[in-house]
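Below is one structure; the comments refer to it alone.
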Amino acid sequence: MIAGPTAVGKTDLCINLAKKFNTVIISSDSRQFFQEINIGTAKPSEKELAMVPHYFIGNKSIHDPYDVKRYESEALGCINSLFKEKDLLILTGGSGMYTDAIVEGLDQMPKIASGIREELNAVYAKEGITHLQEMLIKLDPDYFAVVDKQNPQRLIRALEVCLGTGLPFSSYRVKKKVVRPFKTVKIALNRDREELYERIDRRMDNMIQEGLFEEASEMYPYRDLNALNTVGYKEIFAYLDGAYDKEEAIRLLKRNSRRYAKRQVTWLNKDKTYHWFHPDEINDMLDLINAQIE
C-alpha cells in the first residue's frame, strides 16, 4: 500500500516499484475511477498507464452510482484474481476511506429510511453547509471533530444515521478489522511542507495550462453529481456561477489543494502501522518490502 498526500509523488514511485516487482497497480483514488474527468483528478498519463497495467482508473462514469462499499467488493474480487498470478500487488491512492476498505474492511452501518436523506438534502439546498455543520456538532461532536467539514455528503451521511437511529454516527465507527487473505505492507510518502506545497502549486499551474478550466466547463451541467464535489472542480463551478473572478478561482484551487493535502496527512497519521518515507528513499522502501516478503 502506497499512500500519501496529493502531489507527493505516488504515481512515479508506484510505476517504478511495479516494474521492479513485475506487477500491477490498483488505484484506490475515489475520483480517478471516472472516465469524464481527467485533468482535475491528476490521472496518470496515457504514457504512464502504458508502462504497467493499472486497475480502477477511468472504469466508471460520473453518472454511475458508486460508493466505497461497491468499490470494496469489486476491488477485492480483482485483487483475489490477480493474486493467482502475482505474489505482490501495489495498491495506491489518496482516498483514505477507500484504501481502508480494502486493507481493513468497512464498518457495518445500519439501514436508514430513504426519506431522511431526502430531507437532509433539502435542508442543505435551502440552508447551506453551515446548517449541516451546526446540526452535526450537536448530534455527534466526536465525529464532527474528525470529519471533512466542507464535504456535504459526509455530513449528510453522518446526520442520517444520527437521526435514523437516535445514536451518534461515531458509535458505529468501531474499526473492527477484518482478516484478509493477504498481508499488507503500509508505506506513506511525505515531503517537507514547503516542498510539498510548492509541488501542489506547480501542478495546479500545469493542470490549468492543460485545460482544467475547459474540462470543468464541460462538466458544469453535471456539477451537482457527487463525483464532481471535489477540489479542482468546485472552485471553477463557483467562478462560472460568477462568485469571483478567474484570479481568485486559481488562488482558491491552490489553497484548497494544500488544505486537502494537510487533511490527507492527518488521516494517515492516525494509523501507526504506516512506514513513512520521502519519495526519493526508494532503496529503503525496497529493503522494507523485501524484508516483509522474506
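The values are calculated or read from the model by the stated rules, or taken from the named source; none is laboratory data. This is a predicted model, so every value here is computed, not measured. Here the Cβ is made from the backbone with ideal geometry for all residues, glycine too, and neighbour counts use every protein chain on show.
For this structure, a couple of remarks:
- Residue selected from segment 256-294 under the condition among the β-branched types (Val, Ile, Thr) and in contact with a Leu (Cβ under 8 Å, 6 or more places away or on another chain), by the criterion modelled with the lowest pLDDT: Ile293
- Scanning segment 203-217 for residues that are touching a residue at least 12 places away in the same chain (Cβ under 8 Å) and at negative phi yields Arg203, Met204, Met207, Ile208, Glu210, Leu212, Phe213, Glu215, Ala216, Ser217.
- Residue match in segment 92-112 (condition: over 30 Å from Ile79 (Cα atoms) and not aliphatic (A, V, I, L, M)): no
- Within segment 162-181, considering residues that are polar (S, T, N, Q) and either within 15 Å of Ile137 (Cα to Cα) or assigned by TED's automatic domain parsing to the domain that holds Gly77 (or both), the one surrounded by the fewest Cβ atoms within 10 Å (Cβ to Cβ): Ser171
Conditions (1) of a type in the set (Val, Ile, Thr); (2) more than 19 Å from Asn226 (Cα to Cα); (3) outside the structural domain of Arg157 (by TED's automatic domain parsing); (4) not in a helix (DSSP H, G or I), marked per residue:
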{"site": "Ala50", "(1), (2), (3), (4)": "no, yes, yes, no"}
{"site": "Ile57", "(1), (2), (3), (4)": "yes, no, yes, yes"}
{"site": "Gly77", "(1), (2), (3), (4)": "no, yes, yes, no"}
{"site": "Glu85", "(1), (2), (3), (4)": "no, yes, yes, yes"}
{"site": "Leu91", "(1), (2), (3), (4)": "no, yes, yes, yes"}
{"site": "Ala122", "(1), (2), (3), (4)": "no, no, no, no"}
{"site": "Lys126", "(1), (2), (3), (4)": "no, no, no, no"}
{"site": "Lys138", "(1), (2), (3), (4)": "no, yes, no, no"}
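- Of all residues in segment 223-251, those that are surrounded by fewer than 18 Cβ atoms within 10 Å (Cβ to Cβ) and modelled with pLDDT of 95 or more total 11.
Condition check ((1) in a loop (DSSP other than H, G, I, E, B); (2) over 23 Å from the mean Cα position of the chain (by Cα)) across all residues:
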position	(1), (2)
Ile156	no, no
Leu163	no, yes
Ser170	no, no
Phe182	yes, no
